[in-house]
Amino acid sequence: MDRYVEVSAAVFTILREFTPQVEGLSLDEAFLDVSGSRRLHGAMTDIGPRIRAMIRERLGLACSVGMAHNKLLAKLATELAKPDGCFHLQSEQVREVLDPLPVTRLWTIGKVAGERLLKIGIRTIGELRCAELRLLAGALGSHAIAAQRLASGVDEREVVPDREEKSIGAEHTFETDLDTLDQARHWLMRLCERVGERARAHGLKARTVTVKLRVPPFETSTRQATLAAQIDATGLVYDAAGALLDKWWHERTGRKLRLLGVSLSGFEAHVVSPQAQLFDVPQVEKQPDPVLDRINQRFGRGAIGRARALRPDPTDAD
């Protein structure tokens, strides 16, 4: 289960690179609202295949992506996309696709409701859609109208992103192991830019910085620092993460890195006493961050960044 949770977090990190509007249903299922991401990432039909390809590239996992204009249809489209595919359920296809399906494929129709509908001769979504409301009310009570709307493909529920961000992270698995600290520092800055931008987009400041390190073949460790003050500035995130990376690097022999990651946590409100303020993290000029964030939001992530994040070797993987 620990491994499932770890991989699930990596998948959700990828999803949030495309939109902060991510509603998790389980370890391996989520709704995404990409209506606010189209200017940056393209149409829904561009975003879906890119997510699937990125999960395959970074994690080696198959995933199915369903695309539609509401949650009900997106979930059904995902089922139709399995295994390991993409399916776009368009508005004009709704009746053609939904009508032959069993009524139990609808969101609110479970086993008991399905048996009640079967007793009155309703087996498919199409039959439910066309049934007399009086007949449905006898089987479903006050839920009859809502069930019939769902059978018509109408679903007005919004994507509700996770209310509480417990951590924000980014990581990268390298095709060729990193073997110099200079390379690792460059990649660390790129990851810190990512998590700093996401933290600021959510209006969050963190007290804990964690660095994740994996050496070949599959030995993973973490290093963590809890700060005296909450931070969201990329430079401060890098300072804390860089100190952890440097310490880890100099503690090892035969150093090689297969994976590097950075995450922020500890977002709860924190009041620092006057005495503790003597040990606060030194403040740095944060003015560049909002400017960089706006440019990257408009022209795409990576459109502009810090020189320290530039690749030390042109052969490095992106």
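Quick note: the coordinates plus some simple rules give every number you see, no bench work behind them. The shown structure was predicted, so the numbers you read here are calculated from the model rather than taken from an experiment. Don't worry about glycine lacking a Cβ; one is built from the backbone with ideal geometry, like all the others, and counts go over all protein chains shown.
Give the long-range amide H neighbours of Val65: residues separated by 5 or more places, or on another chain, with amide H under 5 Å away, using H modelled in the peptide plane at 1.01 Å from N.
Counting only residues 5 or more places away or on other chains, the set is Gly85, Cys86, Phe87.
Compute the FRET efficiency between Val5 and Leu133 as 1/(1 + (r/R0)^6), taking r as their Cβ-Cβ distance and R0 = 41 Å, and round to the nearest 0.05.
Working: r = 45 Å, r/R0 = 1.09.
Calculated value: 0.35.
How do His69, His250 line up, fewest other C-beta atoms within 10 Å first? Provide the component values of the computation, followed by the final result.
On the way: His69 15, His250 10.
By the 10 Å Cβ count, ascending, the order reads His250, His69.
Rounded to the nearest 0.05, what FRET efficiency do Arg56 and Val160 have when you use their Cβ-Cβ distance and R0 = 30 Å?
Working: r = 28 Å, r/R0 = 0.92.
For Arg56 and Val160, the calculated efficiency is 0.60.
Report the calculated FRET efficiency for Asp179 and His69 (r = Cβ-Cβ distance, R0 = 45 Å), to the nearest 0.05. Present the calculation step by step, with values, prior to reporting the outcome.
Working: r = 48 Å, r/R0 = 1.08.
Efficiency, rounded to the nearest 0.05: 0.40.
Where the centre of each part is set by its Cα atoms, how far does segment 201-240 sit from segment 141-155, in angstrom?
So the two Cα centres are separated by 46 Å.
Once you charge only the Cβ atoms, +1 for Lys and Arg and -1 for Asp and Glu, what is the size of the charge dipole of segment 16-102 about its Cα centre, to the nearest 20 debye? Spell out each step's value before the answer.
On the way: 11 positive and 12 negative charges, 53 e Å.
Roughly 260 debye, rounded to the nearest 20.
Taking Rh as the Kirkwood radius, which is the inverse of the mean 1/r over Cα pairs, what is the Rg/Rh value for segment 2-89?
Numbers: Rg = 12.1 Å, Rh = 13.0 Å.
Reported Rg/Rh, Kirkwood definition of Rh: 0.93.
Based on other C-beta atoms within 10 Å, arrange Glu175, Glu197, Glu158, Glu23 from fewest to most. If you can, show how the numbers build up before the last one.
Numbers: Glu175 9, Glu197 21, Glu158 12, Glu23 16.
Taking fewest neighbouring Cβ atoms as first place, the list is Glu175, Glu158, Glu23, Glu197.
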